[in-house]
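Everything below concerns the one structure shown next.
Each reported figure results from applying straightforward, stated rules to the coordinates on display, with no laboratory input. No experiment lies behind these values; they were computed from the predicted model shown. Methodologically, a virtual Cβ is constructed for each residue, glycine included, from the backbone with ideal geometry; neighbour enumeration extends over all protein chains shown.
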């Protein structure tokens, strides 16, 4: 038995490693910790995330590092997504610092699970092997299933966890079957050999079914129609911070792997899958936006909105090429910032025992709490796609990529959808400024971690919208690193 | 000798049975077991393909799939217990606290 | 694997698998699933996957299914009926399944020629072969599996404790 | 369902039972020490409640006394607590003597005490033996029973019966000690006393045994008094009270013995282990008492002259004896006829049952077994 | 096995019958011989031995009427049980209720496939032998759960659930305790593991290093738990759960449970002998007769296996039962970490002394002997201190 270890480049797994170690530290520290100092765990997690982000930043440009027998890449694409995940996890932790107290959720496991979920995401973004992608996806998913159900006092949270779990496991089955068939078609599960095989031999029936099943699997994770039915219930039932994490982080991670597999590895046979994705994208945008029109619960509305945004992101996938890829990555950041911000405001409005999640609860918010109202307005407008906010530039890039790739109708459907979406986003703003609401007794001081999170999100939303080119070119460069 | 496609078709049949179970049953635990059946069908594919290609990758993937299945089962059953304690039901149709 | 063995295993496999989803009692479903898994393990043996077959029994039949039975019995679940007329899912499922199978069968029939047997390397499917690959080529997935299981343990404890 | 005044929720029958399981432990169950029944509501292994349901062994013993007369009731008292019938004999004899003003000859008193303490040894041996057996250890039980057989042999020599003795009479005891009895008993005690230490070596400080009993179902002094625990169960909580010492009767004041109490040596004060240990220590004290009695026993008659048809004067009498299961109260009302107007027996096991429900909450099913065994509940004594 | 049948076919014993028919028939025949000629006597003897040993410890006599010293008691019990009415409760789930005992018996019978009784006597030397045993034992938990559930009795159900929890939990420390040996030999085959050891105690894996020594006992404890032996007889705790999962069974099926229980006790001893005590290894060179050699090996193997069986009986007679939570904490808090320590320790040991330390095994053998001497001196002291009637009296 000869056992030669593969070339191990520790740098490539550094972000993953750091996050895992932080998660385990949080778990262990939790055991010896007194009850009243548990919020320290949040700060520990935050430190870990910031350190990871810094490391990832420093790793920028270390392209083409072969590691772990070609299963893990340290290309700019991965680093970009590492940073995105750090941003998402960091903002979630900041929001959670306030939220966990009101929601009475145990800290130790919560932060550890957030960190482990982020570990899974980083693996998904950096893996160049289908089975590793699957493992990363499962690590992330299982952590998020638990997080969805961690609000033990609320039956809705249990139900959310169950629905998410059942449909998530169901989707993993499809994804795995897709992997199996692709393995059957190409003889490998590594993206490099698959790309070679596909490039050389084109598609085969097995590969086609495999791709279809992969689209089903990823479609569930990114909440694309018709695999979206779990989304509203799960988003509504889960603890709000978890919903934010789920809506942004999980989606970003799924798209990271989705885009790496389809845009890069299976790029040679893009004609085979673009048709399906075209339909899915159009459906996703339309169904998401139209259903969102009638929602009264803000978390549910944001859930449908996130479905719609998955549709926009899928448009970028359909467009493909450098521009589409870059637009996808740019819009993921944009979507992350504005959605996290919006959920941050939802957290801020909620009280202990009274979530205040109905639209009516936002009546008059703009007068009672101008800063919060202002922030919510920014996020809602950005989600609609009003210039000069980031939502606008993102959509602009996506639709122009679609037009350039020749999908004009898709772009038109997307623009129309944006117009429709304006109705329910603006309704929130209207509610905040044009209606008198019962006074919510007190709102939390925004000088808290939560306030910081909302502020960061708001500043990001505005700045990235006003100066899009830097981040766009960065996303472009990252996408190109896929080679 | 049986061609590999036979194994793949058998795997496809089992997978379809699993999917049908998920869609048709309303007892959460049976739905969950159907999902396990799906995963096993996939395992069958992997093992058959490993035999076909003559490399161990397929079998090792099965090893990972088993770990994932074990993890999913642990968490899934915990969630089912949680739901059952709160609602005393394992019928998906009765889980409708939120608008569907 | 010759045709006799294949059909001797495949037909019971399909039958018990159908029983898993068709039997009204969860306990019987679980026991049929145990049988399915056991038959699959035997099937794996014929596909030269000795280690996987042993693991299949230890992990699936021995641990996972025992957990299932455990929970079913703990919750004292009784029989239920097939879901009827719910969003017409039943028909969708059956039609979809038939289509998927038909498609798969057709496609595979076209491609079965390209999937020919190849000669197997020595100690294919043994513990040594699987282990040495696991600790070299698949080192990273192996470690990630560790984190995955840690997450599962933490998660299960968080959710199930009262 | 209503049971002994408790309302029960009947298990739902709509196809989906609750996770909480209702278990009927008894009336026929290997470890309920007779015909007892506990309705246990358990969530998995943890008990929510364990309600004792008594009365399966009710034989109307008190009522029978009204029909059989004072002398005739003596054999029935054996059946009150058939595990240690001597003290029941003594209780009935004493209460009749107090009602009728009968003086017992001094040798008779000594015979009674010897018989009672031997009975206590037998009873405690059975108690600790079955306790270990309930915990799962098989060997100590046979060793205890082996010694108990020897005690039974001695008692058989004394009165011809091994279980239901009918040894005492109103005004004394039926028979004097048989010839050579002192030597026999001394020989037994010489052999038995070291065995108590061996018993401790064998099981009492076994790690598993201690783990099973320590900190399980601890009773505080206040609780014990509020729930009217008596005897070893009360002393196990560290409350030093023994009728033989604190409300002396018979010749106990002349004897020198200790009243062992629970010390909480391996866990909380008043846990199952303490109750168990008190019984082990009482074995030694009983041996000591028997030895003293054998030394001090005077010559003379053992039975006072009592009318064949005893008719105590109108009035009532109450005595307390320290039976193996604690303070046993005997009360009799006489209307001047040859039949008691009313008899009332108050037994230790009965009050011990009342605390089971309180203690069992949150315990595991296996702990309930240890708890019942450590309370040394004997079903006939509960129901009478 | 197969080569033997092939030889028979080649010699023309079966005439012209097709080989496909001969193999199953021969397997069936062989299985029947194994069951009736070997396992049943083995189990009855084990039961008799247990009852005798037990009663000696309890200062009783034990069964001594049927046959010399009561050896045939098991046979008598078996006949009695078969003649008894086989009650299936009305409310029970009949198919499962009827099937469950067979599953259990099959579970322990199947383990005999890989137990090597001598250098030649092994039904199949699988390359995943030890793993195969672990797998089969794991499967038997399903049988227990089935029995518990099908009885439709809450005590049975509790017993079944407890048993399943116990078996599933203790599989982990048991598996971990196997690993040091697997690590040392680099094989999972039972014959391979025995061949890696020698006949002398210092060549046994038990004394190979302190870690394997601990692993042996960790495995033994786990095996006791997996076979539901005292102090882990929680699933059938008669004082708590009446008879656990076997409460509703009677007659023949009840006898099958007994068969499985005592059969697995022997299997436990045999695995201990294989893994840690050098199995059938005896000094070589004194005979060239294969039959004599194999009989000697068989004897040695049986003695080693029965040492552990005897130990289990002794433990059963000595210790009380632990509680469910204590059982779990013993498993997860002590045995599992210990298992990891052993595994890592063995690995380190192998790195430092790839050929094994030459000194430590001797030291450990001597130390163990010294411990045994001290122990038996204490036993003698207690025997002497006890009264004459307690002395061992072989006459009865």
GNM result for chain D, Cα springs below 10 Å: residue of D:117, D:247, D:222 fluctuating most strongly: D:222
Given only helices, namely DSSP H runs of n ≥ 4 each adding -39500 (n - 2.57), what is the per-residue ellipticity at 222 nm of chain D, to the nearest 500 deg cm²/dmol? -14500 deg cm²/dmol
If you wrap chain B's Cα atoms in a convex hull and average its projection over all directions, what's the area in nm²? 7.3 nm²
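Using alpha carbon coordinates only, what is the Rg to Rh ratio of the range A:192-254, with Rh defined as the Kirkwood radius? Let's see the in-between values first.
Details: Rg = 16.1 Å, Rh = 13.7 Å.
Dividing the radius of gyration by the Kirkwood radius yields 1.18.
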Can you report the principal axis dimensions of the range D:64-213 using only the alpha carbons, biggest first, rounded to whole angstrom? 54, 36, 22
In degrees rounded to 10, the 0-90 angle between helix D:181-199 Cα long axis and the longest Cα principal axis of chain D is 20 degrees
Quick one: if you stick a label point 7 Å off each Cα along the C-beta vector at residue E:355 and residue E:334, how many nm between them? 3.9 nm
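How much length is gained if the chain between residue A:412 and residue A:21 is pulled fully straight, taking 0.36 nm per residue apart and subtracting their Cα-Cα distance, in nm to one decimal?
Numbers: separation 391, 0.36 × 391 = 140.76 nm, distance 4.69 nm.
Result for the pair: 136.1 nm of gain on full extension.
Whole number please: convex hull volume per residue of the Cα set in the range A:222-289, in Å³?
On the way: hull volume 5.1 nm³, N = 68.
Each residue corresponds to 75 Å³ of Cα convex hull volume.
Please compute the Kirkwood hydrodynamic radius over the protein assembly as shown, one decimal place, Å, based on all pairs of different Cα atoms. Please list the in-between numbers first.
Working: mean 1/r = 0.0273 Å⁻¹.
Evaluated on the protein assembly as shown, it is 36.6 Å.
Sort E:320-330, E:119-129, D:121-131 for me by packing, meaning the mean count of neighbouring Cβ atoms within 10 Å per residue, highest on top.
Values: E:320-330: 20.8, E:119-129: 17.5, D:121-131: 25.8.
Packing order, densest peptide first, comes out as D:121-131, E:320-330, E:119-129.
To the nearest whole number, what is the average tally of beta carbon atoms from other chains within 10 Å of the beta carbons of peptide A:250-260? Before the final figure, lay out the partial values.
On the way: counts 0, 0, 0, 0, 0, 0, 0, 0, 0, 0, 0.
Mean shielding count: 0.
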Shielding of D:205-213 by partners, i.e. mean partner chain Cβ atoms within 10 Å per residue? 4
As a check on your grasp of the helix formula, calculate [θ] at 222 nm for chain E: sum -39500 (n - 2.57) over DSSP H runs of n ≥ 4, divide by the residue count, round to the nearest 500. -21500 deg cm²/dmol
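Kindly identify the range A:126-272 as rounded, prolate or oblate by the Cα gyration tensor criterion: order the square roots of the eigenvalues as a ≥ b ≥ c, call it rounded if a/c is under 1.5, otherwise compare a/b with b/c, prolate if a/b is larger, else oblate. Provide the component values of the computation, followed by the final result.
Details: a/c = 2.63, a/b = 2.45, b/c = 1.08.
In terms of gyration-tensor shape, prolate.
In whole Å and largest first, what semi-axes does the C-alpha gyration tensor of chain E yield when each eigenvalue is scaled by 5 and square-rooted? Mind dumping the intermediate values first?
Numbers: eigenvalues 202, 177, 114 Å².
Its equivalent ellipsoid spans semi-axes of 32, 30, 24 Å.
To the nearest µm²/s, what D does Stokes-Einstein give for chain D at 10 °C and 1.306 mPa s, using the Kirkwood radius over alpha carbon pairs as Rh? Walk me through the numbers on the way to the answer.
Numbers: Rh = 21.5 Å.
Roughly 74 µm²/s, to the nearest whole number.
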A student applying the Cα gyration tensor rule (rounded when a/c is under 1.5; otherwise prolate if a/b is larger than b/c, oblate if not) would label the range E:300-365 oblate
Yeah, the range A:282-344 with a ≥ b ≥ c from its alpha-carbon gyration tensor (a/c under 1.5 is rounded, else prolate when a/b outruns b/c, oblate otherwise) is oblate
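Would you calculate a helix-derived [θ] at 222 nm for chain A, using -39,500 (n - 2.57) for each DSSP H run of n ≥ 4 and dividing by the full residue count, to the nearest 500? Each step should come with its number before you reach the end.
On the way: 20 runs with 361 residues, N = 483.
Computed mean residue ellipticity for chain A: -25500 deg cm²/dmol.
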Could you work out Rg/(2.2 N^0.38 Å) for the range D:259-384, with Rg from alpha carbons only? 1.43
Taking only Cα atoms of the range D:273-321, what ratio of Rg to Rh do you get with Rh as the Kirkwood inverse-distance radius? 1.20
Cα convex hull of chain A - mean projected area over all directions, nm²: 21.7 nm²
Give me the distance between the Cα centres of the range E:84-114 and the range D:295-313, rounded to whole Å. 66 Å
Could you work out how far helix A:270-292 tilts from the main Cα principal axis of chain A, as a 0 to 90 degree angle to the nearest 10? 10 degrees
Compute the acute angle (0 to 90°) between the alpha-carbon long axis of helix A:10-32 and the principal axis of greatest extent of the alpha-carbon atoms of chain A; round to the nearest 10°. 40 degrees
How big is the range E:271-396 on each of its three principal axes, counting only the C-alpha atoms and giving the largest first in Å? 53, 50, 28
The range A:1-144 - Debye-derived log10 I(q)/I(0), Cα point model, q = 0.16 Å⁻¹: -0.80
Between the range A:197-241 and the range D:38-84, what is the separation of their alpha carbon centroids in Å? 69 Å
Highest average packing first - E:308-317, A:366-375, E:362-371, Cβ atoms within 10 Å: E:308-317, A:366-375, E:362-371
